[in-house]
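I have placed the structure first, in the form of structure tokens, so that the comments after it can refer back to it.
Just so you know, all these numbers are worked out from the coordinates, no wet-lab data involved. Since the structure is predicted, the reported quantities are computational estimates derived from the model, not experimental observations. For neighbour counting, all protein chains shown are included, and Cβ atoms are generated from backbone atoms with ideal geometry for every residue, glycine included.
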Amino acid sequence: MTDDQRQHGRPQGRSRVTRAVGILVAALAVGAGFGAATSLVNALSHSYADLESRAYTTSGWSIAEIISVLLDSGWAWAGLAVAVGWLVTRTEENRPAGLLRGAAAGALALLAATAAYSVVDTIRNGMDFPWYQSEPLVWWFASVIFGAPLGAIGACVKRPGVIGLLARLTVPIGATVQMILLPPGRNEVIETIGKTIVWTLAATSIGFAVIRFLRLGWTRGSTRRAS
């Protein structure tokens with residue numbers, strides 16, 4: 001190997017290591033923050049709930065409880081993995097590398113979120129460690145099994161064309177389906193509020209993604225015709 005190759009190889013090697021460390025830190029930080037926030041909001045919502053009151057049980061609600069049922073929903077955790085996959089992916093990098101980074105980041109984010117949720121729950125409830133036993137084993141496996149493909153989907157969000165559109169539609173469509181099959185909340189009032197919020201956000205996201213896709217397609221078509 002020549003001196004010139006060594007000089008160019010070392011910075012590139014350092015750049016890859018720095019990039020990998022940055023992805024690791026970002027995925028763990030975002031995931032841990034989400035998991036801890038979800039546990040704390042759950043605790044806050046329980047403190048406001050007067051479950052000894054029949055009226056509150058059947059029709060009562062609080063802002064904290066609404067936030068809790070939204071954060072502690074499957075679509076929100078799936079959205080975390082997709083968002084982190086998008087966050088760590090560069091538009092200009094090659095596709096296999098981007099998919100790999102997104103998949104790794106998505107799985108790490110969900111693992112960190114599950115761990116942080118367990119730690120905060122353990123501390124909050126005064127339970128003895130090890131904290132990881134406070135979560136069923138299935139959630140640890142699910143973090144990897146679902147986090148990796150969801151993170152890879154997030155890595156596709158920046159792509160143009162149909163693949164990018166489908167990636168951008170994954171979370172809002174998933175959230176819409178969950179509201180139909182598994183609506184959130186312990187009474188009809190909370191269910192109605194939760195579904196209204198999620199469906200409104202999902203419809204807005206879907207509409208924005210589709211309009212952007214059609215506009216970019218029309219722009220590219222106009223450019224080809226002009227040339």
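Positive contributions from Lys and Arg (+1) and negative ones from Asp and Glu (-1), summed over other residues with Cβ under 13 Å from the Cβ of Gly207, come out at +3.
Neighbour counts of other Cβ atoms within 10 Å put Glu188, Glu65 in the fewest-to-most order Glu188, Glu65.
Label-to-label distance, Thr18 versus Leu166, with points set 7 angstrom from Cα along the beta-carbon direction: 3.6 nm. Label separation (Leu201 vs Leu214): 2.5 nm, computed from points 7 Å beyond Cα along the C-beta direction. At an R0 of 25 angstrom, the distance between the Cβ atoms of Ser47 and Trp139 translates into a FRET efficiency of 0.55. Measuring from centroid to centroid over Cα atoms, what is the spacing of segment 136-178 and segment 188-208 in Å? The two parts, judged by their Cα centres, are 19 Å apart.
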